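Scroll down for the structure; my scribbles are underneath it.
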Amino acid sequence: MPRNWLSFTRNSIPIVSVRIDGRRYEAMIDTGASLNMISPELTIRLGLPRQGLQPIISVHGEIRHRTLATLPSIGAAEFELAPCKATVSNLAPLRLGLDLLLGVNAFKNRRLHLDFKEGRIYIFPER
């Protein structure tokens, strides 16, 4: 049976390894985020064109406009996640050393089960 889960450090922030264009990157899974976020550096490294602006409402209620890019397909466990939009954002304030944050739009039409005790994110196929 193919592996349908991603592992992360138990009882911690879900940071997982994903594949983009044959290379591995660490990504934080954030089911509270409606859009993905990608660092400007990774946007340049992947050669992603900018595709307009996306209004983002901060936790303080401020509206900020962020540049949009389309992520290529992302390998997660044994699945390929379809290309989807991401805002180009500085992720350094998270202090996690990440270039990628995957929100719910990355997992469109899939179900996720986060098991913090075991340190696993189960991904279920599209229906």
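All of the numbers you see were taken from the coordinates with simple rules; none came from a lab. Note that the structure is predicted; figures quoted are calculated from it, not measured. Positions of Cβ are backbone-derived with ideal geometry, glycine not excepted, and every protein chain shown enters the neighbour counts.
Numbers for the structure displayed
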read-out: Rg/Rh for the chain, where both radii come from Cα atoms and Rh is the Kirkwood radius; value: 0.95
read-out: Top positive-direction residue, dipole computed over segment 66-127 with Cβ charges, set Y122, S73, C84; value: C84
read-out: Debye, to nearest 20: dipole size of the chain, +1 on Lys, Arg Cβ, -1 on Asp, Glu Cβ; value: 80
read-out: Whole-number D in µm² s⁻¹ for segment 46-93, Kirkwood Cα-pair radius fed into Stokes-Einstein, 37 °C, 0.692 mPa s; value: 265
read-out: Considering only segment 5-124, percent of DSSP beta bridges that pair antiparallel, nearest 5; value: 85
read-out: FRET efficiency, T9 to H113 (Cβ-Cβ, R0 25 Å, nearest 0.05); value: 0.90
read-out: Gain in span if fully extended, R95 to R24, counting 0.36 nm per residue against the direct Cα distance; value: 23.6 nm
read-out: Point-to-point label distance, L46-I63, nm (Cα→Cβ direction, 7 Å offset); value: 2.7
read-out: Burial order of peptide ranges 105-117, 26-38 (average beta-carbon count within 10 Å, highest first); value: 26-38, 105-117
read-out: Gap separating the Cα centres of segment 1-54 and segment 99-127, nearest whole Å; value: 11
